[in-house]
Amino acid sequence: MRRTPATADRIGEELRLIRKNVPGVRGSITATSDGLLVAHDVHDLEPTQIAALVAAMHAVAVRATLSTQCGQFREVITRGSEGYLAVYAAGSAAIVAVLGATDMNVAMLNFQARTMIERVAEHSANFARRPAEAAPAAPAAPAAPAAPAASPDPADGGGQLPSRRPPR
């Protein structure tokens, strides 16, 4: 995963623009899909904790969206007694979370966030994990003869696991 300071600076600028353009936005963060903080514009909360929490929220929302055949996840918005938390997918590698006050106009946020999310997705396209570069593969070791099946020994928890039942 490659993240450069210049990329984080560009994403940070996008986050500052959303605060400037949408009244009621308290702050925002961008994180990788596995919860690593990329950039933030929050001043009164711990951004690394928010990154981890929104990554978990994103994972659950992705699973729920797929399981209910609603297509690819785009966004989830939660409303609490003190404000809003909106979590957006920014491509396949990044998440953007926006914190808003109770008087924030969610429709305006969604309208303004579309273009910001697209730009963050472009900036974060290189965050995707890539396979290791051309490391030569070690030659395969000759196959060892199969060990005889161990008999179950209740004293050491040994033995083989029961086989899976075939589907009916």
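For this structure, a couple of remarks:
- The residues of region 27-48 that are farther than 17 Å from Val120 by Cα and buried (at least 19 other Cβ atoms within 10 Å of the Cβ) amount to a single one, Pro47.
- For beta carbons closer than 7 Å, sequence separation of 6+ or different chains, a first residue in region 46-68 that is under 16 Å from Ala93 (Cα atoms) and touching a residue at least 24 places away in the same chain (Cβ under 8 Å) and a second that is open to solvent by less than 60 Å² (accessible area, probe 1.4 Å) and among the polar types (S, T, N, Q), the qualifying pairs are Ala55/Ser33; His58/Ser33.
- Checking Ala51, Ala6 one by one, the residue that is of a type in the set (Gly, Ala, Ser), more than 19 Å from the chain's Cα centre (by Cα) and part of a helix (DSSP H, G or I) is Ala6 and no other.
- Listed conditions (1) in contact with a Leu (Cβ under 7 Å, 6 or more places away or on another chain); (2) at pLDDT below 90 are all met by Val98, apart from (2).
- Subset of region 71-95 that is modelled with pLDDT of 95 or more and over 24 Å from Ile11 (Cα atoms) - its residue that is surrounded by the most Cβ atoms within 10 Å (Cβ to Cβ): Arg79
- Members of region 75-131 found to be within 19 Å of the chain's Cα centre (by Cα), part of a loop (DSSP other than H, G, I, E, B) and farther than 17 Å from His58 by Cβ, listed by number: Arg130, Pro131
- Checklist (1) surrounded by fewer than 16 Cβ atoms within 10 Å (Cβ to Cβ); (2) in a helix (DSSP H, G or I); (3) over 14 Å from the mean Cα position of the chain (by Cα); (4) aliphatic (A, V, I, L, M) applied to Ala59, failing item: (3)
- Taking region 26-40 as the range and being more than 15 Å from Val98 (Cα to Cα) and either of a type in the set (Phe, Trp, Tyr) or part of a strand (DSSP E or B) (or both) as the test, no residue passes.
The values are calculated or read from the model by the stated rules, or taken from the named source; none is laboratory data. This one's a predicted model, so the numbers in the text were calculated from it and none came from an experiment. All Cβ positions, even for glycine, are placed from backbone atoms using ideal geometry, and neighbour counts span all protein chains on display. Side chains are part of the model used for accessible areas, which takes the heavy atoms of the whole protein and leaves out ligands, DNA and RNA. Shrake-Rupley method; radii C 1.70, N 1.55, O 1.52, S 1.80 Å.
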